[in-house]
Amino acid sequence: MSIDTDLTENERAWLTFLRDINPENDPAPTLRQIQLLRRICELPARLSFKCHMVFL
Amino acid sequence: MSKKPHAHSNLANYIERRILELKPKKSQLQIASESGFPNPNMVTMIKQGASKLALDRVPSMAGALDCDPAYLLRLALEQTEGDTAAQALVEIFGTPVTANEMGWLQEIRAASDNSDPRMTSRARTVIRTIFGK
């Protein structure tokens with residue numbers, strides 16, 4: 001078992017939000033949800049890369 | 001004072017749901033016995049919110065309900081509002097993180113290349129979308 005003091009402040013904020021929107025259960029990440037999460041997290045990286053290229 | 005001061009608490013709701021989900025596999029009597037309650041009515045009292053779940057019963061009850069003990073402990077700590085010992089535990093040790101929550105954090109770390117992303121309003125929208133909320 002882990003405790004949330006092992007986490008960064010940002011991770012605790014993610015966790016708090018996850019708990020707030022799922023107050024009555026403890027959902028495991030599904031493949032579909034992970035795919036969505038990755039797609040969305042990759043988006044800003046791609047955009048910043050494109051922006052970087054524009055300024056080169 | 002209400003006879004069921006913990007009715008509708010997250011813990012009471014969760015235990016009621018788990019008992020229903022486990023009904024095809026085990027009876028409430030079995031759950032009470034596996035949890036180590038000499039009086040089987042104790043599970044009914046916890047489920048209905050007439051009684052709190054004692055913290056020392058969390059591991060055995062989590063086993064009986066086939067759920068993550070960290071999750072049950074968090075719900076039990078939530079229920080102990082006003083209990084200074086429980087509050088001190090949370091203050092010093094933080095709240096327990098379940099295996100599923102660790103799974104989410106690992107996915108967030110992997111998806112963000114370990115960049116420790118901030119919880120922005122966009123991230124909130126994304127998570128709400130992922131959960132359909």
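Taken across region B:72-79, residues that are away from every other protein chain (no Cβ under 13 Å), surrounded by fewer than 20 Cβ atoms within 10 Å (Cβ to Cβ) and either on the phi < 0 side of the Ramachandran plot or not β-branched (Val, Ile, Thr) (or both) do not occur at all. Applying the condition of being at the interface with chain B (Cβ under 7 Å from one of its Cβ atoms) and farther than 20 Å from B:ARG122 by Cβ to region A:19-38 and asking which residue is surrounded by the most Cβ atoms within 10 Å (Cβ to Cβ) yields A:ASP26. The single residue among B:ALA54, B:ALA64 that is out of contact with any His (no Cβ under 9 Å at 6 or more places or on another chain), in contact (Cβ under 8 Å) with a residue 24 or more places away in the chain and over 27 Å from B:PHE131 (Cβ atoms) turns out to be B:ALA64. Whether a residue is closer than 24 Å to A:PRO23 by Cβ and in a loop (DSSP other than H, G, I, E, B) was assessed, and B:ALA12 does not pass this test. Remark: pairs (first residue in region B:87-103, within 13 Å of B:TYR71 (Cβ to Cβ); second residue assigned to a loop (DSSP other than H, G, I, E, B) and among the small types (Gly, Ala, Ser); Cβ separation under 7 Å; 6+ apart in sequence or on different chains) = B:ASN100/A:ALA28; B:GLY103/A:ALA28.
Every number in this text was worked out from the coordinates using simple rules, so none of it is lab data. No experiment lies behind these values; they were computed from the predicted model shown. Don't worry about glycine lacking a Cβ; one is built from the backbone with ideal geometry, like all the others, and counts go over all protein chains shown.
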